[in-house]
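One structure below.
The values are calculated or read from the model by the stated rules, or taken from the named source; none is laboratory data. Note that the coordinates shown come from a computational prediction; the quantities given were computed from them, not determined experimentally. Heads up, the Cβs are rebuilt from the backbone with ideal geometry, glycines too, and the neighbour counts pull from every protein chain shown. Heavy atoms of the whole protein, side chains included, go into the accessibility calculation; ligands, DNA and RNA do not. Shrake-Rupley method; radii C 1.70, N 1.55, O 1.52, S 1.80 Å.
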Amino acid sequence: EEIVSYESPRPTSGIHRLVFVLFRQPGRQSIHAPGWRQNFITRDFAEYYNLGSPVAAVYFNCQRQAGSGGRRLIL
């Protein structure tokens with residue numbers, strides 16, 4: 001279940017590093033969205049909610065290609 005809606009990276013250009021980490025919850029519990037995203041510490045988040053070690057993770061880089069999407073000027 002998603003607890004934080006997607007937020008596009010800033011700045012919109014350049015290389016962006018994305019990490020998705022999956023935890024197995026020990027039981028049914030409420031988990032609240034973090035109040036910040038800058039310098040988020042996954043280990044502290046997992047410790048706070050007693051989540052233990054991650055069961056899966058994926059890391060990748062992405063970069064928008066020049067000229068794809070965004071505003072276009074038509075004359």
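Among the residues that make up segment 48-66, is at least one of them modelled with pLDDT of 80 or more and part of a helix (DSSP H, G or I)?
Scanning segment 48-66, I find at least one residue that is modelled with pLDDT of 80 or more and part of a helix (DSSP H, G or I), so the answer is yes.
Return the residues of segment 42-63 that are open to solvent by 70 Å² or more (accessible area, probe 1.4 Å) and closer than 28 Å to PRO11 by Cα; say none if nothing qualifies.
Within segment 42-63, the subset open to solvent by 70 Å² or more (accessible area, probe 1.4 Å) is 43-44, 47-48, 50, 53-55, 57-61, 63.
Matches in segment 42-63: ARG43, ASP44, ALA57, VAL58, TYR59, PHE60, ASN61, GLN63.
Pick from segment 9-35 the residues that are out of contact with any strand residue (DSSP E or B) (no Cβ under 9 Å at 6 or more places or on another chain) and modelled with pLDDT under 75: which of them is surrounded by the fewest Cβ atoms within 10 Å (Cβ to Cβ)?
Per the criteria, the residue is PRO11.
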